[in-house]
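The structure appears below as structure tokens.
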Amino acid sequence: MNIYGIMAIYKFEMARTKRTLVQSIVAPVITTSLYFIVFGAAIGSRIDQVSGISYGAFIVPGLIMLNLLTHSISNASFGIYFPKFVGTVYEMLSAPVSTLEVVLGYVGAAASKAVILGIIILITASFFIDLQIAHPIMMMVFILLTAVSFSLFGFILGIWADNFEKLSVVPMLVVTPLVFLGGSFYSTDMLPEPWQTVSHFNPVLYLVSGLRWSFYEISEVSVMLSLTSILVFMFACLGVVYYLFKTGYKLRS
Amino acid sequence: MNSDEKPILRIKGLNKFYSGGFQALKDINLEIEKGEIVALLGPNGAGKTTLISVVCGIVNPSSGTVSVDGYDIIKDFRKTRSIIGLVPQELTTDSFETVFNTVSFSRGLFGKPPSAAYVEKVLRSLSLWDRKDDMIMTLSGGMKRRVLIAKALSHEPTVLFLDEPTAGVDVSLRKDMWEIVRELKAEGVTIILTTHYIEEAEEIADRVGVINNGEIILMEDKDKLMAKLGKKQLILDLRDQLSALPEKLADYELDLSENGMQLVYTFNTQGDRTGITSLMDDLKLAGIAFRDLNTTQSSLEEIFVNLVEESS
């Protein structure tokens, strides 16, 4: 295995974060703080408890999931799209690195950044609410699996995209609405039928539910179902990535 | 494998069809020996870059086999790619990276452990050491070209592909590049370069290949090629003006200059006879005297143009 190759890609991608620190870390932290001020303090103070916990605390897993999903996708998609855009991808294609090694480098870096961001948001949240985490290990499992899975998804997006619009259209028009409609900021019990049933077709609901269970032991679907769905999604993405590299789709002519 | 006697690069029956049916490479067969400098000449779209891209792993071959140092480029891609360095035609660089970091990145990507000392050696040899901490976006085009060469050399390759290395580079930098290529050859590196500049092939190549329409129409030792295909011309500066060529000289391949003061005789150096002696005799008989004479040999450029025109 080309360990030096994996490390080179990983370090290169992590160095990009350092160069864009404001965009990568500071902006999400400020946005999250605003969510807590608006939803937690202003609106949340007028909402009674949701599923037995304060509204401010209820939205923490949803906020973490929102950031994990959007940043995993954007980090990984930009990471592979930019070399394609400027032409430096020739170097990776001509290097002695396998598909797995390329994925480990790019997806590993994107997932690392997303996990670091998730932890920073968790710390930020602790300044606004009294944070309780019932199952910290399971919380990390959910955070890691989500970051890796959606970094893989972002990687696929980056290979597929041949312009900047395609790169942003999926996160903006698909992922963000799914997160908002996936019970990040409310319990689906609060929805009337048929929307409550429709919500169960939203895959993000299972992620938010699982992560929320690790915090407060409350969930809308079973924890095993949440874990299974994220694992299925991760392996599906791995399969697609393998196929893309095997066929050279949009990389090798 | 890995034997000194075997060619470092062997291509057999290589074809490349792009989606849509366009055939970029047609049954390419080629062998390149260790330590050679081979120049591939060809007009735009001839297939030079596609050929290089297949060997380097950027483009998938449609059929045929390619081996580098005895290893197959598909089955043993790790081995072949780790000994190949590629300097692409386009100035594609990570604009926001520093020179040192981008060269170190390339070294790692190609599976070599970090070595600040080796990166320093490469950067110094390319006169880039003073700019090691500068972002690539601040460099001139020529310096960026050097950075690409440094990246290609960062993992100590034994085969180096240079895809039009001096395109858009000024004369002085071009000569520097040629010097670098000679130094690499002295270190035992095999160099395959594509170029539009015939003088470049003439200056540094051991062998010259000509590609046109995806086919290698010629691969020949440069000196032999020039001797074999090179036409010579004998130029005679006349003492007195001639208004027309005398009938007696009609059998010779002679051209009279517009001002009637120069006769140009074209002959083949490979022919049984050059015809110079009989021409001199016939000139004397015709009463044509000359003040001076000199000979010129056709350049590689003329040879190249003639070959491409013939194959088209």
Scanning segment A:178-232 for residues that are under 20 Å from the mean Cα position of the chain (by Cα) and among the aromatic types (Phe, Trp, Tyr), which turns out farthest from A:GLY40 (Cα to Cα)? A:PHE201
Being under 17 Å from B:GLU31 (Cα atoms), surrounded by 24 or more Cβ atoms within 10 Å (Cβ to Cβ), in contact (Cβ under 8 Å) with a residue 12 or more places away in the chain and of a type outside the set (A, V, I, L, M, F, W, C) is the filter here; which residues of segment B:49-86 pass it? B:THR80
Within segment A:7-17, work out how many residues are at pLDDT below 85 and away from every other protein chain (no Cβ under 11 Å). 1
Take the residues of segment B:17-50 that are within 13 Å of chain A (Cβ to nearest Cβ) and assigned to a strand (DSSP E or B): which is farthest from B:ARG207 (Cα to Cα)? B:PHE17
Among the residues of segment B:133-153, is there at least one that is within 27 Å of B:LYS12 (Cβ to Cβ), crowded, with 23+ Cβ neighbours inside 10 Å, at pLDDT 90 or above and charged (D, E, K, R)? no
For segment A:68-84, how many residues meet the condition of being surrounded by 23 or more Cβ atoms within 10 Å (Cβ to Cβ) and without any contact (Cβ under 8 Å) to a residue 60 or more places away in the chain? 1
Can you name the number of the only condition in (1) within 14 Å of the chain's Cα centre (by Cα); (2) within 14 Å of another protein chain (Cβ to nearest Cβ) that A:VAL97 fails? (1)
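Considering each of A:LEU191, A:LEU144, A:LEU157, A:LEU173 in turn, give the residue that is buried (at least 18 other Cβ atoms within 10 Å of the Cβ) and either at pLDDT 90 or above or of a type in the set (A, V, I, L, M) (or both).
From the options A:LEU191, A:LEU144, A:LEU157, A:LEU173, the qualifying one is A:LEU157.
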What are the residue pairs meeting all of these: first residue in segment B:194-209, first residue of a type in the set (Gly, Ala, Ser), second residue assigned to a helix (DSSP H, G or I), Cβ atoms under 8 Å, and 6 or more apart or on different chains? B:ALA201/B:LYS222; B:ALA201/B:LEU300; B:ALA205/B:LYS222
For segment B:105-132, which residues satisfy the criterion of being under 30 Å from A:MET1 (Cβ atoms), away from chain A (no Cβ under 11 Å) and buried (at least 19 other Cβ atoms within 10 Å of the Cβ)? B:VAL119, B:VAL122, B:LEU123
Exactly one condition in (1) surrounded by fewer than 19 Cβ atoms within 10 Å (Cβ to Cβ); (2) more than 30 Å from A:ILE3 (Cα to Cα); (3) within 18 Å of the chain's Cα centre (by Cα) is false for A:ILE119; which is it? (2)
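Can you find a residue that is buried (at least 23 other Cβ atoms within 10 Å of the Cβ) and either among the hydrophobic types (A, V, I, L, M, F, W, C) or farther than 30 Å from B:ILE74 by Cβ (or both) anywhere in segment A:11-27?
No - not one qualifying residue is present in segment A:11-27.
Here's a check for you: in segment A:55-94, which residue that is within 11 Å of another protein chain (Cβ to nearest Cβ) and among the small types (Gly, Ala, Ser) is farthest from the chain's Cα centre (by Cα)?
Within segment A:55-94, the match that is farthest from the chain's Cα centre (by Cα) is A:SER94.
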B:PHE17 being assigned by TED's automatic domain parsing to the domain that holds B:LEU109, within 23 Å of B:VAL189 (Cβ to Cβ), touching a strand residue (DSSP E or B) at 6+ places or on another chain (Cβ under 9 Å) and of a type in the set (A, V, I, L, M, F, W, C): no
I'd like to check which strands (runs of 3 or more DSSP E) are fully inside segment B:174-234 and have at least 2 residues that are surrounded by 22 or more Cβ atoms within 10 Å (Cβ to Cβ). B:190-195, B:207-212
Got a number for residues in segment B:85-129 being under 24 Å from A:ILE80 (Cα atoms), of a type outside the set (Ser, Thr, Tyr) and outside any loop (DSSP other than H, G, I, E, B)? 11
Here the residues within segment A:46-67 that are under 17 Å from A:SER126 (Cα atoms) and without any contact (Cβ under 8 Å) to a residue 60 or more places away in the chain are A:TYR55, A:ASN67
All but one of (1) more than 9 Å from chain A (Cβ to nearest Cβ); (2) not acidic (Asp, Glu); (3) not in a loop (DSSP other than H, G, I, E, B) hold for B:PRO165; which doesn't? (3)
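The values are calculated or read from the model by the stated rules, or taken from the named source; none is laboratory data. Worth saying up front: this structure is predicted, and the values here are computed from it rather than measured. Heads up, the Cβs are rebuilt from the backbone with ideal geometry, glycines too, and the neighbour counts pull from every protein chain shown.
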